[in-house]
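Working notes, beginning with the structure itself.
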Amino acid sequence: MLTYTPASELPPTPQKNQEKPWLLLLLCLFWLLPGLIGHDPWKPQENENVALIVNLLRQDNWVMTWLADRPYLDTAPLYYWTAALFANALAWFGLAVHDAARLSTGFWMALALWGCGLAGRELFGRRFGRLAVVSILGCLGLVLWGHHIAPAALAFTGYAWAFYALILALRKPILAGVVLGVSLLVLLLGATWADAALVMVIAAGLLGFAAWRRSCYLVALVTALVIALPLAALWGYALNEYSPAMFQLWWQQYAWGPYGGAAAIQWLHEPGFLPATLVWFAWPVLPLAAWSLWINRNELKSDFAWQPLLWFLVAITAYIVISGQPTEVIVLPLLIVLGLIAVAGVDDLRRGAASALNSFSVLTFGLTAIGIWVVWGILMWGGQSQLFLRLSRHSSSLMQFSPLGFGFALIVTVLWGGILLRPRAIGRKALTNWSCGLILVMGLFVGLFQDWVDSGKSYRPVGVQLHSAASQIQAHCIDAQGIPSAPLGAMVYFSDYPIKTMNPDECEVAIRLRQDPPRSGWTVIGEANRSGESKEKFLIYAK
(Lines give C-alpha, C1' and ligand atoms only; values in the text may rest on other atoms or scores of the structure.)
Protein backbone atom coordinates (compact mmCIF):
# COMPACT_ATOMS: atom_id res chain seq x y z
CA MET A 1 0.00 0.00 0.00
CA LEU A 2 1.35 3.42 -0.94
CA THR A 3 1.78 5.84 1.91
CA TYR A 4 2.73 9.49 2.00
CA THR A 5 5.73 10.67 4.01
CA PRO A 6 6.20 14.41 4.57
CA ALA A 7 9.38 15.86 3.04
CA SER A 8 10.52 17.04 6.45
CA GLU A 9 10.64 13.44 7.66
CA LEU A 10 12.56 12.04 4.70
CA PRO A 11 16.22 11.16 5.32
CA PRO A 12 18.57 13.76 3.90
CA THR A 13 19.70 13.09 0.37
CA PRO A 14 23.47 12.73 0.19
CA GLN A 15 24.92 15.68 -1.68
CA LYS A 16 28.08 15.67 -3.66
CA ASN A 17 30.86 17.54 -1.93
CA GLN A 18 31.25 20.82 -3.79
CA GLU A 19 34.63 21.63 -2.33
CA LYS A 20 37.16 20.94 -5.06
CA PRO A 21 40.86 20.94 -4.10
CA TRP A 22 41.90 22.32 -7.48
CA LEU A 23 39.79 25.44 -6.85
CA LEU A 24 41.74 26.13 -3.65
CA LEU A 25 45.02 25.60 -5.50
CA LEU A 26 43.85 28.00 -8.22
CA LEU A 27 42.88 30.56 -5.58
CA CYS A 28 46.31 30.32 -3.95
CA LEU A 29 48.01 30.58 -7.33
CA PHE A 30 46.15 33.75 -8.27
CA TRP A 31 46.98 35.22 -4.86
CA LEU A 32 50.66 34.31 -5.04
CA LEU A 33 51.54 35.25 -8.61
CA PRO A 34 50.57 38.94 -9.00
CA GLY A 35 53.55 41.21 -8.48
CA LEU A 36 56.22 38.54 -8.06
CA ILE A 37 57.95 39.35 -11.34
CA GLY A 38 58.06 42.16 -13.86
CA HIS A 39 59.02 45.19 -11.77
CA ASP A 40 62.12 46.64 -10.13
CA PRO A 41 62.67 46.59 -6.35
CA TRP A 42 60.28 48.95 -4.52
CA LYS A 43 60.14 50.53 -1.10
CA PRO A 44 59.98 49.92 1.83
CA GLN A 45 62.71 47.24 1.98
CA GLU A 46 63.15 45.59 -1.41
CA ASN A 47 66.12 47.71 -2.47
CA GLU A 48 68.09 46.88 0.66
CA ASN A 49 67.24 43.19 0.55
CA VAL A 50 68.06 42.71 -3.12
CA ALA A 51 71.41 44.41 -2.48
CA LEU A 52 72.11 41.85 0.26
CA ILE A 53 71.26 39.04 -2.15
CA VAL A 54 73.38 40.34 -5.02
CA ASN A 55 76.32 40.82 -2.64
CA LEU A 56 76.08 37.13 -1.76
CA LEU A 57 76.28 36.27 -5.46
CA ARG A 58 79.33 38.52 -5.89
CA GLN A 59 81.33 36.99 -3.02
CA ASP A 60 82.49 33.52 -2.04
CA ASN A 61 81.64 33.58 1.67
CA TRP A 62 77.94 33.32 2.54
CA VAL A 63 78.29 33.33 6.31
CA MET A 64 76.93 36.86 6.62
CA THR A 65 75.30 39.48 4.44
CA TRP A 66 76.46 42.98 3.59
CA LEU A 67 74.70 46.17 2.53
CA ALA A 68 77.49 47.88 0.60
CA ASP A 69 80.38 47.71 3.12
CA ARG A 70 78.11 47.57 6.18
CA PRO A 71 77.34 44.25 7.90
CA TYR A 72 73.65 43.37 7.98
CA LEU A 73 72.74 41.37 11.08
CA ASP A 74 69.07 42.22 11.66
CA THR A 75 68.05 38.67 10.72
CA ALA A 76 69.92 35.44 10.14
CA PRO A 77 70.71 34.84 6.45
CA LEU A 78 68.61 31.80 5.43
CA TYR A 79 66.13 33.84 3.37
CA TYR A 80 68.98 35.53 1.51
CA TRP A 81 70.67 32.18 0.88
CA THR A 82 67.43 30.81 -0.58
CA ALA A 83 66.87 33.88 -2.73
CA ALA A 84 70.45 33.77 -3.98
CA LEU A 85 70.03 30.10 -4.93
CA PHE A 86 66.82 30.96 -6.80
CA ALA A 87 68.61 33.82 -8.56
CA ASN A 88 71.54 31.61 -9.50
CA ALA A 89 69.31 28.84 -10.87
CA LEU A 90 66.85 31.09 -12.72
CA ALA A 91 69.62 33.19 -14.28
CA TRP A 92 69.80 30.40 -16.88
CA PHE A 93 66.33 31.51 -17.99
CA GLY A 94 67.27 35.20 -18.10
CA LEU A 95 65.36 36.12 -14.94
CA ALA A 96 66.62 39.17 -13.04
CA VAL A 97 67.87 38.76 -9.48
CA HIS A 98 65.01 40.77 -7.99
CA ASP A 99 62.38 38.71 -9.83
CA ALA A 100 64.02 35.45 -8.74
CA ALA A 101 64.15 36.73 -5.15
CA ARG A 102 60.42 37.44 -5.20
CA LEU A 103 59.80 33.95 -6.52
CA SER A 104 61.62 32.66 -3.45
CA THR A 105 59.13 34.68 -1.39
CA GLY A 106 56.35 32.96 -3.31
CA PHE A 107 57.95 29.60 -2.50
CA TRP A 108 57.98 30.37 1.23
CA MET A 109 54.41 31.69 1.16
CA ALA A 110 53.16 28.57 -0.63
CA LEU A 111 54.74 26.46 2.12
CA ALA A 112 53.16 28.71 4.76
CA LEU A 113 49.67 28.35 3.29
CA TRP A 114 50.13 24.59 3.17
CA GLY A 115 51.08 24.58 6.84
CA CYS A 116 48.09 26.76 7.77
CA GLY A 117 45.74 24.41 5.91
CA LEU A 118 47.16 21.35 7.68
CA ALA A 119 46.81 23.07 11.07
CA GLY A 120 43.17 23.94 10.37
CA ARG A 121 42.40 20.39 9.28
CA GLU A 122 44.12 18.91 12.34
CA LEU A 123 42.10 21.13 14.66
CA PHE A 124 38.61 21.11 13.19
CA GLY A 125 38.43 18.55 10.38
CA ARG A 126 39.24 18.18 6.69
CA ARG A 127 37.07 20.90 5.13
CA PHE A 128 38.22 23.44 7.70
CA GLY A 129 41.80 23.27 6.45
CA ARG A 130 40.71 24.83 3.16
CA LEU A 131 38.69 27.44 4.98
CA ALA A 132 41.72 28.36 7.11
CA VAL A 133 43.74 29.04 3.97
CA VAL A 134 40.95 31.16 2.46
CA SER A 135 40.61 33.21 5.65
CA ILE A 136 44.34 33.94 5.86
CA LEU A 137 44.52 34.84 2.15
CA GLY A 138 41.92 37.54 2.83
CA CYS A 139 44.01 39.36 5.46
CA LEU A 140 44.98 42.83 4.28
CA GLY A 141 48.28 42.76 6.16
CA LEU A 142 49.55 39.73 4.25
CA VAL A 143 49.24 41.32 0.81
CA LEU A 144 52.47 43.33 0.96
CA TRP A 145 54.64 40.93 2.92
CA GLY A 146 53.52 37.94 0.89
CA HIS A 147 54.87 39.50 -2.32
CA HIS A 148 57.90 41.35 -0.97
CA ILE A 149 61.63 40.67 -1.07
CA ALA A 150 62.01 40.25 2.69
CA PRO A 151 62.56 37.49 5.29
CA ALA A 152 59.01 38.03 6.63
CA ALA A 153 57.67 35.25 4.37
CA LEU A 154 60.23 32.82 5.78
CA ALA A 155 59.31 33.67 9.38
CA PHE A 156 55.61 33.34 8.54
CA THR A 157 56.31 29.86 7.18
CA GLY A 158 58.27 28.84 10.25
CA TYR A 159 55.43 29.84 12.54
CA ALA A 160 52.76 28.13 10.42
CA TRP A 161 54.51 24.78 10.47
CA ALA A 162 55.48 25.11 14.14
CA PHE A 163 51.83 25.60 15.10
CA TYR A 164 50.85 22.60 13.00
CA ALA A 165 53.56 20.48 14.62
CA LEU A 166 52.45 21.39 18.15
CA ILE A 167 48.86 20.43 17.32
CA LEU A 168 49.97 17.20 15.62
CA ALA A 169 52.29 16.13 18.44
CA LEU A 170 49.71 14.12 20.40
CA ARG A 171 48.79 12.01 17.39
CA LYS A 172 52.12 11.59 15.57
CA PRO A 173 54.90 12.65 17.96
CA ILE A 174 57.91 11.64 15.85
CA LEU A 175 56.62 13.35 12.69
CA ALA A 176 55.57 16.37 14.74
CA GLY A 177 59.02 16.52 16.34
CA VAL A 178 60.72 16.52 12.94
CA VAL A 179 58.37 19.22 11.62
CA LEU A 180 58.82 21.34 14.76
CA GLY A 181 62.59 20.89 14.60
CA VAL A 182 62.76 22.04 10.98
CA SER A 183 60.48 24.99 11.81
CA LEU A 184 62.74 26.04 14.68
CA LEU A 185 65.76 25.67 12.41
CA VAL A 186 64.13 27.92 9.81
CA LEU A 187 63.46 30.58 12.46
CA LEU A 188 66.95 30.33 13.97
CA LEU A 189 68.70 30.51 10.60
CA GLY A 190 66.32 32.93 8.86
CA ALA A 191 64.70 35.12 11.49
CA THR A 192 65.86 35.84 15.08
CA TRP A 193 66.36 34.03 18.34
CA ALA A 194 63.30 35.82 19.69
CA ASP A 195 61.11 34.08 17.10
CA ALA A 196 62.49 30.66 17.99
CA ALA A 197 62.24 31.44 21.72
CA LEU A 198 58.58 32.40 21.30
CA VAL A 199 57.83 29.02 19.69
CA MET A 200 59.63 27.21 22.52
CA VAL A 201 57.76 29.22 25.15
CA ILE A 202 54.50 28.28 23.44
CA ALA A 203 55.58 24.63 23.30
CA ALA A 204 56.50 24.62 26.99
CA GLY A 205 53.28 26.42 27.93
CA LEU A 206 51.19 23.63 26.41
CA LEU A 207 52.39 21.40 29.24
CA GLY A 208 49.96 23.32 31.41
CA PHE A 209 47.10 21.47 29.71
CA ALA A 210 46.39 17.90 30.74
CA ALA A 211 46.15 16.63 27.16
CA TRP A 212 49.76 17.68 26.51
CA ARG A 213 51.26 16.27 29.72
CA ARG A 214 52.07 13.01 28.02
CA SER A 215 55.27 11.23 27.15
CA CYS A 216 54.55 11.39 23.43
CA TYR A 217 54.58 15.20 23.56
CA LEU A 218 57.93 15.18 25.35
CA VAL A 219 59.24 12.89 22.62
CA ALA A 220 58.18 15.46 20.02
CA LEU A 221 59.89 18.31 21.90
CA VAL A 222 63.14 16.39 22.41
CA THR A 223 63.18 15.37 18.74
CA ALA A 224 62.71 19.00 17.69
CA LEU A 225 65.54 20.27 19.89
CA VAL A 226 67.91 17.53 18.73
CA ILE A 227 67.28 18.53 15.11
CA ALA A 228 67.24 22.31 15.45
CA LEU A 229 69.87 23.35 17.98
CA PRO A 230 72.99 21.59 16.64
CA LEU A 231 72.33 22.62 13.04
CA ALA A 232 71.52 26.21 14.01
CA ALA A 233 74.70 26.37 16.12
CA LEU A 234 76.75 25.68 12.99
CA TRP A 235 75.92 29.13 11.62
CA GLY A 236 76.89 30.81 14.91
CA TYR A 237 80.15 28.86 14.93
CA ALA A 238 80.86 29.79 11.30
CA LEU A 239 80.13 33.47 11.99
CA ASN A 240 82.48 33.45 14.97
CA GLU A 241 85.20 31.79 12.88
CA TYR A 242 84.65 34.31 10.09
CA SER A 243 84.84 37.30 12.43
CA PRO A 244 84.66 37.16 16.23
CA ALA A 245 83.91 40.90 16.22
CA MET A 246 80.90 40.39 13.95
CA PHE A 247 79.66 37.52 16.09
CA GLN A 248 79.84 39.71 19.18
CA LEU A 249 78.09 42.55 17.36
CA TRP A 250 75.28 40.20 16.34
CA TRP A 251 74.96 38.69 19.82
CA GLN A 252 75.13 41.99 21.68
CA GLN A 253 72.88 44.08 19.41
CA TYR A 254 70.72 41.97 17.07
CA ALA A 255 70.26 38.35 18.21
CA TRP A 256 66.88 38.91 19.87
CA GLY A 257 65.27 40.77 16.99
CA PRO A 258 62.54 43.15 18.24
CA TYR A 259 64.05 42.89 21.72
CA GLY A 260 67.54 44.00 20.65
CA GLY A 261 70.56 41.99 21.79
CA ALA A 262 72.17 40.61 24.92
CA ALA A 263 73.85 43.93 25.73
CA ALA A 264 70.76 46.09 25.29
CA ILE A 265 67.43 44.36 25.80
CA GLN A 266 64.62 46.60 24.56
CA TRP A 267 60.99 46.24 25.57
CA LEU A 268 57.70 48.14 26.01
CA HIS A 269 58.64 51.01 23.68
CA GLU A 270 55.30 51.18 21.83
CA PRO A 271 52.55 49.33 23.73
CA GLY A 272 49.86 50.96 21.57
CA PHE A 273 51.30 49.63 18.34
CA LEU A 274 49.32 46.37 18.22
CA PRO A 275 45.74 47.69 18.55
CA ALA A 276 46.43 50.48 16.05
CA THR A 277 47.85 48.02 13.53
CA LEU A 278 45.58 45.04 14.08
CA VAL A 279 42.38 46.92 13.19
CA TRP A 280 43.28 46.91 9.49
CA PHE A 281 46.13 44.41 9.35
CA ALA A 282 43.94 41.45 10.43
CA TRP A 283 40.73 42.43 8.64
CA PRO A 284 38.42 40.51 8.21
CA VAL A 285 39.62 37.62 10.40
CA LEU A 286 39.75 39.80 13.54
CA PRO A 287 35.95 40.31 13.88
CA LEU A 288 35.32 36.77 12.66
CA ALA A 289 37.68 35.41 15.33
CA ALA A 290 35.93 37.50 17.99
CA TRP A 291 32.58 36.06 16.89
CA SER A 292 33.99 32.53 16.89
CA LEU A 293 35.27 32.92 20.45
CA TRP A 294 31.89 34.24 21.58
CA ILE A 295 29.74 31.46 20.14
CA ASN A 296 32.16 28.77 21.32
CA ARG A 297 32.68 30.31 24.76
CA ASN A 298 31.31 27.25 26.56
CA GLU A 299 33.92 24.95 25.00
CA LEU A 300 36.97 27.20 25.40
CA LYS A 301 38.17 25.59 28.62
CA SER A 302 37.59 21.95 27.76
CA ASP A 303 37.76 21.47 24.00
CA PHE A 304 41.04 20.10 22.60
CA ALA A 305 41.06 22.49 19.65
CA TRP A 306 40.61 25.64 21.70
CA GLN A 307 43.25 25.11 24.35
CA PRO A 308 46.29 25.49 22.05
CA LEU A 309 44.67 28.26 20.02
CA LEU A 310 43.96 30.40 23.07
CA TRP A 311 47.48 29.85 24.37
CA PHE A 312 48.94 30.75 20.96
CA LEU A 313 46.82 33.92 20.95
CA VAL A 314 47.86 35.02 24.44
CA ALA A 315 51.57 34.26 23.96
CA ILE A 316 51.92 36.00 20.59
CA THR A 317 49.94 39.03 21.74
CA ALA A 318 52.18 39.41 24.79
CA TYR A 319 55.28 38.97 22.60
CA ILE A 320 54.19 41.85 20.35
CA VAL A 321 52.97 44.19 23.11
CA ILE A 322 56.13 44.03 25.23
CA SER A 323 58.59 44.08 22.30
CA GLY A 324 61.00 46.97 22.05
CA GLN A 325 60.87 47.46 18.27
CA PRO A 326 57.41 46.38 17.06
CA THR A 327 56.90 46.17 13.31
CA GLU A 328 54.25 44.76 11.02
CA VAL A 329 56.42 41.69 10.48
CA ILE A 330 56.06 40.45 14.06
CA VAL A 331 52.26 40.72 13.77
CA LEU A 332 52.20 38.17 10.93
CA PRO A 333 52.05 35.02 13.15
CA LEU A 334 48.99 36.50 14.83
CA LEU A 335 47.20 36.31 11.47
CA ILE A 336 47.67 32.52 11.48
CA VAL A 337 46.12 32.15 14.92
CA LEU A 338 43.23 34.55 14.22
CA GLY A 339 42.57 32.78 10.92
CA LEU A 340 42.42 29.39 12.66
CA ILE A 341 40.11 30.76 15.35
CA ALA A 342 37.86 32.41 12.77
CA VAL A 343 37.14 29.25 10.79
CA ALA A 344 35.45 27.61 13.79
CA GLY A 345 32.71 30.22 13.73
CA VAL A 346 32.21 30.87 10.01
CA ASP A 347 29.55 28.20 9.57
CA ASP A 348 27.64 29.56 12.59
CA LEU A 349 27.83 33.18 11.48
CA ARG A 350 24.39 34.73 11.72
CA ARG A 351 22.74 35.12 8.38
CA GLY A 352 22.41 38.89 8.70
CA ALA A 353 26.09 39.37 9.56
CA ALA A 354 27.22 36.94 6.85
CA SER A 355 25.02 38.65 4.26
CA ALA A 356 26.38 42.05 5.32
CA LEU A 357 29.99 40.87 4.95
CA ASN A 358 29.19 39.26 1.62
CA SER A 359 27.43 42.37 0.28
CA PHE A 360 30.22 44.60 1.57
CA SER A 361 32.83 42.39 -0.13
CA VAL A 362 31.02 42.25 -3.47
CA LEU A 363 30.20 45.98 -3.54
CA THR A 364 33.59 47.18 -2.27
CA PHE A 365 35.76 45.07 -4.54
CA GLY A 366 33.30 45.18 -7.45
CA LEU A 367 33.18 48.97 -7.47
CA THR A 368 36.95 49.15 -6.93
CA ALA A 369 37.48 46.84 -9.89
CA ILE A 370 35.20 48.97 -12.07
CA GLY A 371 37.13 52.05 -10.96
CA ILE A 372 40.47 50.42 -11.84
CA TRP A 373 39.23 49.50 -15.31
CA VAL A 374 37.86 53.03 -15.85
CA VAL A 375 41.08 54.72 -14.72
CA TRP A 376 43.12 52.41 -16.94
CA GLY A 377 40.86 53.25 -19.89
CA ILE A 378 41.27 56.99 -19.26
CA LEU A 379 45.06 56.68 -19.07
CA MET A 380 45.09 54.61 -22.25
CA TRP A 381 42.68 56.66 -24.39
CA GLY A 382 41.84 59.77 -22.38
CA GLY A 383 43.65 62.13 -24.72
CA GLN A 384 44.29 65.46 -23.03
CA SER A 385 41.16 65.56 -20.87
CA GLN A 386 41.36 67.20 -17.45
CA LEU A 387 40.96 63.86 -15.68
CA PHE A 388 43.71 62.31 -17.82
CA LEU A 389 46.11 65.12 -16.90
CA ARG A 390 45.38 64.76 -13.20
CA LEU A 391 45.90 61.00 -13.23
CA SER A 392 49.10 61.31 -15.28
CA ARG A 393 50.77 63.28 -12.49
CA HIS A 394 51.11 60.08 -10.46
CA SER A 395 53.68 58.58 -12.82
CA SER A 396 56.44 59.86 -15.04
CA SER A 397 55.57 57.54 -17.93
CA LEU A 398 52.63 57.11 -20.26
CA MET A 399 50.37 54.11 -19.88
CA GLN A 400 51.43 51.38 -22.30
CA PHE A 401 49.21 48.51 -23.40
CA SER A 402 50.52 45.14 -22.18
CA PRO A 403 48.80 42.16 -23.81
CA LEU A 404 49.99 39.82 -21.04
CA GLY A 405 48.88 42.15 -18.26
CA PHE A 406 45.55 42.87 -19.94
CA GLY A 407 44.93 39.15 -20.41
CA PHE A 408 45.68 38.42 -16.77
CA ALA A 409 43.38 41.23 -15.61
CA LEU A 410 40.60 39.95 -17.86
CA ILE A 411 41.00 36.39 -16.57
CA VAL A 412 40.78 37.37 -12.89
CA THR A 413 37.72 39.50 -13.61
CA VAL A 414 35.90 36.64 -15.35
CA LEU A 415 36.89 34.13 -12.67
CA TRP A 416 35.69 36.47 -9.91
CA GLY A 417 32.31 36.71 -11.60
CA GLY A 418 32.15 32.91 -11.82
CA ILE A 419 33.01 32.49 -8.14
CA LEU A 420 30.18 34.82 -7.12
CA LEU A 421 27.71 32.44 -8.76
CA ARG A 422 28.95 29.28 -7.00
CA PRO A 423 26.49 28.01 -4.34
CA ARG A 424 27.82 27.48 -0.82
CA ALA A 425 26.88 28.16 2.80
CA ILE A 426 26.41 31.87 3.41
CA GLY A 427 29.25 32.15 5.97
CA ARG A 428 31.77 30.43 3.73
CA LYS A 429 30.46 32.35 0.73
CA ALA A 430 31.03 35.68 2.49
CA LEU A 431 34.60 34.79 3.48
CA THR A 432 35.42 33.35 0.05
CA ASN A 433 34.01 36.37 -1.76
CA TRP A 434 36.10 38.69 0.39
CA SER A 435 39.33 36.81 -0.36
CA CYS A 436 38.47 36.49 -4.06
CA GLY A 437 37.61 40.19 -4.23
CA LEU A 438 40.99 41.07 -2.74
CA ILE A 439 42.68 38.82 -5.30
CA LEU A 440 40.65 40.52 -8.05
CA VAL A 441 41.88 43.99 -7.06
CA MET A 442 45.48 42.76 -6.72
CA GLY A 443 45.31 41.09 -10.13
CA LEU A 444 43.84 44.15 -11.82
CA PHE A 445 46.35 46.52 -10.26
CA VAL A 446 49.32 44.34 -11.20
CA GLY A 447 48.03 43.41 -14.65
CA LEU A 448 47.06 46.93 -15.72
CA PHE A 449 49.25 49.31 -13.70
CA GLN A 450 52.44 47.52 -12.68
CA ASP A 451 54.69 48.99 -15.40
CA TRP A 452 53.12 52.44 -15.01
CA VAL A 453 53.74 52.49 -11.25
CA ASP A 454 57.18 50.92 -11.57
CA SER A 455 58.52 53.83 -13.59
CA GLY A 456 58.05 56.16 -10.62
CA LYS A 457 59.01 53.84 -7.77
CA SER A 458 62.19 52.33 -9.20
CA TYR A 459 65.63 53.60 -8.23
CA ARG A 460 67.10 52.08 -11.38
CA PRO A 461 67.75 55.54 -12.99
CA VAL A 462 69.81 56.57 -9.94
CA GLY A 463 71.97 53.44 -10.07
CA VAL A 464 72.41 53.62 -13.85
CA GLN A 465 73.38 57.31 -13.83
CA LEU A 466 75.83 56.72 -10.98
CA HIS A 467 77.39 53.75 -12.77
CA SER A 468 77.75 55.78 -15.96
CA ALA A 469 79.46 58.65 -14.14
CA ALA A 470 81.88 56.29 -12.39
CA SER A 471 82.68 54.56 -15.69
CA GLN A 472 83.60 57.83 -17.39
CA ILE A 473 86.42 58.52 -14.96
CA GLN A 474 87.24 54.83 -14.35
CA ALA A 475 86.65 55.04 -10.61
CA HIS A 476 87.68 52.23 -8.28
CA CYS A 477 84.84 52.79 -5.80
CA ILE A 478 82.00 55.19 -4.95
CA ASP A 479 81.67 57.18 -1.73
CA ALA A 480 78.02 56.98 -0.53
CA GLN A 481 78.26 58.25 3.05
CA GLY A 482 74.95 59.40 4.50
CA ILE A 483 72.78 57.87 1.75
CA PRO A 484 69.54 56.30 3.12
CA SER A 485 69.32 52.52 2.95
CA ALA A 486 66.74 52.30 0.13
CA PRO A 487 68.68 54.28 -2.50
CA LEU A 488 71.93 52.84 -1.15
CA GLY A 489 70.65 49.34 -1.86
CA ALA A 490 69.65 50.36 -5.37
CA MET A 491 73.11 51.81 -6.00
CA VAL A 492 74.68 48.52 -4.95
CA TYR A 493 72.28 46.52 -7.09
CA PHE A 494 72.30 48.59 -10.28
CA SER A 495 76.03 49.40 -10.23
CA ASP A 496 78.99 47.05 -10.43
CA TYR A 497 81.30 49.44 -8.58
CA PRO A 498 82.08 48.91 -4.88
CA ILE A 499 79.99 51.27 -2.73
CA LYS A 500 81.73 52.63 0.37
CA THR A 501 79.99 54.19 3.38
CA MET A 502 82.89 53.75 5.83
CA ASN A 503 86.45 54.92 5.18
CA PRO A 504 85.83 55.94 1.56
CA ASP A 505 88.82 58.27 1.25
CA GLU A 506 90.28 56.40 -1.72
CA CYS A 507 87.10 56.75 -3.82
CA GLU A 508 87.22 59.07 -6.85
CA VAL A 509 83.42 59.47 -7.10
CA ALA A 510 80.89 60.45 -4.43
CA ILE A 511 77.11 60.69 -4.37
CA ARG A 512 75.09 62.74 -1.90
CA LEU A 513 71.60 64.05 -1.39
CA ARG A 514 71.43 67.57 -2.82
CA GLN A 515 71.02 69.11 0.65
CA ASP A 516 74.02 67.20 2.06
CA PRO A 517 77.12 68.01 -0.05
CA PRO A 518 80.53 66.46 0.75
CA ARG A 519 83.49 68.35 2.15
CA SER A 520 85.39 70.75 -0.06
CA GLY A 521 87.54 69.42 -2.88
CA TRP A 522 84.74 67.77 -4.89
CA THR A 523 83.27 68.91 -8.22
CA VAL A 524 79.71 68.19 -9.35
CA ILE A 525 79.73 66.03 -12.49
CA GLY A 526 76.08 65.03 -12.67
CA GLU A 527 72.81 64.49 -10.88
CA ALA A 528 70.42 61.57 -10.47
CA ASN A 529 66.89 60.97 -9.32
CA ARG A 530 63.98 58.62 -9.79
CA SER A 531 61.78 59.30 -12.79
CA GLY A 532 59.31 62.03 -11.96
CA GLU A 533 60.82 62.61 -8.51
CA SER A 534 61.15 66.29 -7.62
CA LYS A 535 62.07 66.18 -3.91
CA GLU A 536 64.69 63.42 -3.55
CA LYS A 537 67.60 64.56 -5.73
CA PHE A 538 71.17 63.23 -5.74
CA LEU A 539 74.32 64.98 -6.93
CA ILE A 540 77.34 63.04 -8.23
CA TYR A 541 80.81 64.43 -7.44
CA ALA A 542 84.36 63.75 -8.60
CA LYS A 543 87.69 64.68 -7.03
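Placing +1 on each Lys and Arg Cβ and -1 on each Asp and Glu Cβ, with no other charges, gives the chain a dipole about its Cα centre of roughly 1560 debye.
Based on protein heavy atoms only, the stretch 139-196 ends up with 22 Å² per residue of surface accessible to a 1.4 Å probe.
For the stretch 224-264, the C-alpha radius of gyration divided by 2.2 N^0.38 Å, with N the number of residues, is 1.25.
Overall shape: prolate for the stretch 141-266, with the ratio a/c of the largest to smallest alpha carbon gyration tensor axis at 1.5 or above and a/b above b/c.
List the pairs from LYS457/LYS543; LYS301/LYS429; LYS172/LYS301; LYS43/LYS535; LYS500/LYS535 whose alpha-carbon separation is above 19 Å, in the order I gave them. As for pairs spanning more than 19 Å Cα to Cα, those are LYS457/LYS543; LYS301/LYS429; LYS172/LYS301; LYS500/LYS535. Where both bridge residues fall in the chain, DSSP classifies roughly 80% of the beta bridges as antiparallel.
The candidates LEU387, LEU225, LEU142, arranged from most to least accessible area with a 1.4 Å probe in the full protein assembly, appear as LEU387, LEU225, LEU142.
Sort the chain into rounded, prolate or oblate with this rule: let a ≥ b ≥ c be the square roots of the eigenvalues of the Cα gyration tensor; rounded if a/c is under 1.5, and if a/c is not under 1.5, prolate when a/b is larger than b/c, oblate otherwise. Oblate.
Compared with the direct C-alpha span, the chain from GLN474 to GLN252 gains 75.9 nm at full extension, assuming 0.36 nm per residue. Here the relative contact order of the chain, from alpha carbon pairs under 8 Å that lie six or more residues apart, stands at 16 percent. Figure note: LYS537, LYS457 ranked by solvent-accessible area, largest first, 1.4 Å probe, ligands and nucleic acids not counted: LYS457, LYS537.
Comparing ALA112, SER455, TRP283 along the charge dipole axis of the chain, the residue lying farthest to the positive side is TRP283, per the Cβ-charge model. With K and R counted +1 and D and E -1, the other residues having a Cβ less than 13 Å from that of ALA470 yield a net charge of -1.
Multiplying the residue separation of LEU268 and LEU367 by 0.36 nm and removing their Cα-Cα distance gives an extension gain of 31.5 nm. Descending by average beta-carbon neighbour count within 10 Å, the peptides 486-496, 283-293, 319-329 line up as 486-496, 283-293, 319-329, the highest first. Absence of a disulfide-compatible partner, taken as no other cysteine beta carbon within less than 4.7 angstrom, is noted in the chain for CYS28, CYS116, CYS139, CYS216, CYS436. Simple rule: put +1 on each Lys or Arg Cβ and -1 on each Asp or Glu Cβ in the chain, find the dipole, and look at HIS147, GLN481, PRO230; the Cα lying farthest toward the positive end is HIS147.
Accessible surface of LEU231, taken over heavy atoms with a 1.4 Å probe and every protein chain present, rounds to 80 Å². Have a look at VAL50, LEU410, ALA510 and report the one farthest towards the positive end of the charge dipole of the chain, computed about the Cα centre with Cβ charges (Lys/Arg +1, Asp/Glu -1). The Cα lying farthest towards the positive end belongs to LEU410. For the stretch 176-230, the equivalent ellipsoid derived from the alpha-carbon gyration tensor has semi-axes of 20, 13, 7 Å in decreasing order. For the stretch 61-128 versus the stretch 351-370, the spacing of their alpha-carbon centroids is 34 Å.
Ellipsoid fit via the Cα gyration tensor, the stretch 451-528: semi-axes of 21, 13, 12 Å, each the root of five times an eigenvalue, largest first. Solvent-accessible area of CYS28, all protein chains in place: 20 Å² (probe radius 1.4 Å, heavy atoms, ligands and nucleic acids excluded).
A full extension of the chain between LEU229 and ASP69 corresponds to an added length of 54.6 nm, given 0.36 nm per residue minus the alpha carbon distance. With viscosity set to 1.567 mPa s at 4 °C, what whole-number translational diffusion coefficient in µm²/s follows for the stretch 396-543 from Stokes-Einstein and a Kirkwood radius over Cα pairs? For these conditions, the coefficient is 70 µm²/s.
Which of rounded, prolate, oblate describes the stretch 192-275, given a ≥ b ≥ c as roots of the alpha-carbon gyration tensor eigenvalues and a/c under 1.5 marking rounded, otherwise prolate only if a/b is larger than b/c? It is oblate, given that a/c is not under 1.5 and a/b is not larger than b/c.
State the percent of C-alpha pairs, over all pairs in the stretch 312-351, separated by a distance greater than 12 angstrom. Cα-Cα pairs in the stretch 312-351 separated by more than 12 Å: 63 percent.
When its C-alpha radius of gyration is set against 2.2 N^0.38 Å (N residues), the stretch 101-161 gives a value of 1.09. The listed residues TRP66, TRP267, TRP250 rank as TRP267, TRP66, TRP250 when sorted by accessible area, largest first, using a 1.4 Å probe.
Charged neighbours of ALA542, selected by a Cβ distance under 11 Å, balance to -1 (K, R count +1; D, E count -1).
The values are calculated or read from the model by the stated rules, or taken from the named source; none is laboratory data. Keep in mind the model is a prediction, meaning the values are calculated, not measured. Cβ: placed from backbone, ideal geometry, glycine included. Neighbour counts: every protein chain shown. Surface accessibility is based on the protein's heavy atoms, side chains included, excluding ligands, DNA and RNA. Shrake-Rupley method; radii C 1.70, N 1.55, O 1.52, S 1.80 Å.
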